[in-house]
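A short reminder: the numbers here are calculations on the coordinates, not readings from a lab. No experiment lies behind these values; they were computed from the predicted model shown. So basically every Cβ, Gly included, is an ideal-geometry build from the backbone, and we count neighbours across all protein chains shown.
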Amino acid sequence: MTITPKQTYNDNFIDKLFIWLFSRKIAKALGKKYRFNGYQGFVDLSKQIAQGRNPKQQQELVTTVLYSIVPEVVLSLIRRFFNPSQWVCEWNAWFATILFEWLVGPCEQKEVEVMGENHQARIQKSCVHIKKCRYLEASGCVGLCLNVCKVPTQSFFTQGFGIPVTMTPNFEDFSCDMVFGKPPQPLENEPEYHEPCLTQFCSTANPKADFCPKIRD
């Protein structure tokens, strides 16, 4: 592990507004009330998603929450008029570095190689590099990272917006690359599917398991 000391965040008004909005949506989907305020409350609610639900059910619940935030008419218009061109992918990456900082912490836009529409590799600035994921650090759980963040986010952008996205978390330093224009693969084909528990951070981790038991049914 190469984890740096825990980051301190000073959420501004806009950050707190997004935290409140997402927390409210999750609480409504769960039929629960807040137990804590702020980002701690958001993480606490997300942990409750895993209670009594298998990975697929967790992913579906979060995907439903994401769809409840953006009206279907907006998604339909985006799918119709914006194909995942280089410009669209790069613009989305730039926008994500601003919109998602409250959720994942500081991030930057980087160049990455993706397969273009003509099946030729091309370099484009459509990678959002999350320096140290705030959510992964706060939750300390591989399963929550995959079931509550990675898989639902990939599905929402790829199916909802029609813009493919692949997220690749690094469980060594808690960084993550979010690449617009790269179609996601089934989770069972990804290295993360075999990731063991973060025993130093997760209170329910199983140190003897070869992989995080919350990833699979």
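Worth pointing out:
- Its Cα centre serving as origin, region 1-153 has a Cβ charge dipole (Lys and Arg +1, Asp and Glu -1) of approximately 600 debye.
- Size descriptor for the chain, Kirkwood hydrodynamic radius: 17.9 Å (Cα pairs only, one decimal).
- Axis of helix 86-99 versus longest Cα principal axis of the chain: the two differ by about 30°, to the nearest ten degrees.
- Angle of helix 13-30 to the longest C-alpha principal axis of the chain, folded into 0 to 90 degrees and rounded to 10: 70°.
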